[in-house]
Each structure stands twice: as structure tokens, then as C-alpha cells.
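Heads up, the thing below is written out as C-alpha cells.
The values are calculated or read from the model by the stated rules, or taken from the named source; none is laboratory data. Bear in mind the structure is a predicted one, so any value in this text is a computation, not a measurement. Backbone-built Cβ (ideal geometry, glycine too); neighbour counts: all protein chains shown.
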Amino acid sequence: MRQIVLDTETTGLEPRDGHRIIEIGAVELIDRRLTGRHFHQYLNPERDIEDGALEVHGITREFLRDKPVFADVAQEFLDFIEGTELLIHNAPFDIGFLNMELSLINNPLRIENHAQVLDTLELARDLHPGQRNSLDALCKRYEVDNSSRNLHSALLDSEILADVYLAMTGGQSDLALGFEFGPEREGGGDEFEIKERPLLQILLPTDEEVALHEARLKAIKEKSGHCLWLEL
């Protein structure tokens with residue numbers, strides 16, 4: 001199963017007020033394991049950034065002046081997420097901005113036409129009703145290291161959310177488990193291949209071991225009056 005953990009940073013809070021995306025970060029999970037592949041892009045919003053948003057992510061208009069606009073990277077982004085399940089914390093916010101960006105380039109489709117969406121905030125609220133379920137709160141609850149998160153960053157936050165999601169849903173988050181990394185892919189990320197693992201060896205008991213086991217079960221039944229192993 002291929003999943004993409006995604007986050008965005010924006011110029012403000014409301015796309016209907018003309019605010020735009022300035023950073024997209026997304027990391028890939030396959031069968032609940034991080035692969036090392038990612039999509040990351042800063043974007044020129046062609047507008048000013050609100051002071052409140054700047055305090056959150058620290059990304060300035062000057063830094064973004066030479067970055068591409070959304071239209072330049074839209075197809076690459078859509079190809080990266082095509083047919084996946086998107087894992088997004090507070091998904092309506094990010095999906096609302098992404099769909100607005102698609103509408104500005106006259107793309108009639110929406111993110112939901114390209115991928116399924118799972119809101120990890122709603123998942124956390126179901127698991128921990130009445131508790132704080134911000135990304136920082138979940139990091140503390142699941143002991144995920146977020147010490148490098150001084151400011152919000154779409155790529156860093158997506159990486160942290162991947163660890164939180166795997167911990168929250170009881171999975172493995174080891175980067176290397178089951179994968180062998182190769183040379184870096186053009187545009188970011190790594191080539192990887194699933195390694196063949198030998199089948200587990202099955203050791204059958206000897207006749208002597210079976211006899212000793214049965215004798216032990218009979219002794220248990222004689223002493224306690226019943227033995228579940230024998231009854232089953």
C-alpha cells in the first residue's frame with residue numbers, strides 16, 4: 001500500500017482571501033515503511049505573506065522570489081500523489097489550499113480525484129477524545145522526537161507526522177527495514193528495492209519431545225482437574 005504524508009505552508013489562513021501555498025512537503029510510505037522518496041518544493045506565491053504566518057514558518061517573500069509558481073510544479077506533484085492515500089494533519093486546511101491552487105491554473109479536477117485523504121487529526125481525536133491532538137502534543141504522547149521543529153516546515157512536519165502516524169497506528173517506522181537504498185533519484189529521494197528474505201525455518205518436535213509434552217499436560221490435568229491444552 002502506498003501512502004503519502006503531506007503538509008503545506010501558506011501566506012495566511014484562508015484561501016478565499018487570496019492566500020497561497022509557499023511550501024509543499026510530502027514523504028512516501030510503502031506498506032507502512034518510509035522509503036526515503038519525497039516531494040519538496042518552495043513556491044513563489046506572487047503576493048505578500050501575513051505577519052502571523054511568517055512567525056509560524058519564517059519563510060520570507062524575498063526567499064521565495066526566485067522559486068517556481070505552483071503551475072510549474074503542479075503536474076510533477078500530482079504524479080507523485082496519484083492513486084495514493086494522503087495522510088494530512090487537519091486535512092481540510094491543506095486540501096482547501098491545494099484545490100484552490102488547482103482552480104487557479106484551470107485544472108477541473110481536485111486532489112480527491114487523484115488520491116484518497118485521511119485526516120490524521122480526526123484519527124487522533126477518535127483515539128484520544130477530549131485531549132490535545134496537535135502535532136506537538138502527539139509527538140510528546142508517542143515519544144516522537146520533534147526537537148528540530150523550532151519553526152513549521154512542510155517537509156520536516158510531514159516527516160514527523162509519518163513517525164507519529166506509524167506510532168499512533170502501531171506500525172514500524174524504521175527507514176531501512178526491508179529496503180536497500182541506492183543512488184539518489186533525480187529531483188530528490190532515493191531508489192529502493194524490496195529485499196528478498198529467506199523463509200523462516202520451521203523446526204518440528206521429535207517423538208520424544210511430543211511424548212514429554214503430553215505427559216506434562218496429563219500431569220497438569222491430574223493436579224488441577226482440567227487442562228485447556230487437552231480440552232482444546
Next item on the list: Return yes when Ile88 is among the hydrophobic types (A, V, I, L, M, F, W, C), out of contact with any Ser or Thr (no Cβ under 8 Å at 6 or more places or on another chain) and at pLDDT 95 or above and no when it is not.
Entry: no
Next item on the list: Quickly run through region 104-146 and pick out the residues that are farther than 30 Å from Asp17 by Cβ and aliphatic (A, V, I, L, M).
Entry: Leu127, Val144
Item checked: Candidate set: region 29-44, residues that are under 14 Å from the mean Cα position of the chain (by Cα) and not in a strand (DSSP E or B); chosen: the one surrounded by the fewest Cβ atoms within 10 Å (Cβ to Cβ) -> Asp31
Item checked: Residue list for region 118-142, restricted to those being over 26 Å from Gly52 (Cβ atoms) and touching a residue at least 24 places away in the same chain (Cβ under 8 Å) -> Leu118, Leu123, Leu127, Tyr142
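So that you can scan it fast, the table gives a plain yes or no per residue for (1) surrounded by fewer than 20 Cβ atoms within 10 Å (Cβ to Cβ); (2) assigned to a helix (DSSP H, G or I); (3) more than 19 Å from the chain's Cα centre (by Cα):
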site: Pro92; (1), (2), (3): yes, yes, no
site: Met100; (1), (2), (3): yes, yes, yes
site: Glu112; (1), (2), (3): yes, yes, no
site: Leu123; (1), (2), (3): yes, yes, no
site: Ala137; (1), (2), (3): yes, yes, no
site: Ser148; (1), (2), (3): yes, no, no
site: His152; (1), (2), (3): yes, no, no
site: Leu156; (1), (2), (3): yes, yes, no
site: Leu161; (1), (2), (3): no, yes, no
Notebook entry, point to check: Among the numbered criteria (1) within 19 Å of Glu14 (Cα to Cα); (2) out of contact with any Asp or Glu (no Cβ under 6 Å at 6 or more places or on another chain), which single criterion is violated by Val73?
Noted result: (1)
Next item on the list: Out of Ile49, Ile22, report the one residue that is among the hydrophobic types (A, V, I, L, M, F, W, C), part of a loop (DSSP other than H, G, I, E, B) and surrounded by 16 or more Cβ atoms within 10 Å (Cβ to Cβ).
Entry: Ile49
Next item on the list: Take the residues in region 125-135 that are more than 17 Å from Val56 (Cα to Cα) and polar (S, T, N, Q), then tell me which one is surrounded by the fewest Cβ atoms within 10 Å (Cβ to Cβ).
Entry: Gln131
Margin query: Whether any residue in region 34-52 is out of contact with any Ser or Thr (no Cβ under 8 Å at 6 or more places or on another chain), under 13 Å from Arg20 (Cβ atoms) and among the aromatic types (Phe, Trp, Tyr) is what I want to check.
Written below: yes
Next item on the list: Report, ordered by the first and then the second residue, all pairs with beta carbons closer than 7 Å, sequence separation of six or more or different chains, a first member in region 7-29 that is without any contact (Cβ under 8 Å) to a residue 40 or more places away in the chain, and a second member that is in a strand (DSSP E or B) and crowded, with 22+ Cβ neighbours inside 10 Å.
Entry: none
Check: Being among the polar types (S, T, N, Q) and in a helix (DSSP H, G or I), is that true of even one residue in region 67-75?
Finding: yes
Check: If you go through region 8-16 one residue at a time, do you hit one that is of a type in the set (Val, Ile, Thr), outside any strand (DSSP E or B), assigned by TED's automatic domain parsing to the domain that holds His114 and under 21 Å from Asn150 (Cβ atoms)?
Finding: yes
Margin query: Would you confirm whether or not region 66-76 contains a residue that is of a type in the set (Val, Ile, Thr), closer than 23 Å to Leu166 by Cβ and out of contact with any Phe, Trp or Tyr (no Cβ under 8 Å at 6 or more places or on another chain)?
Written below: no
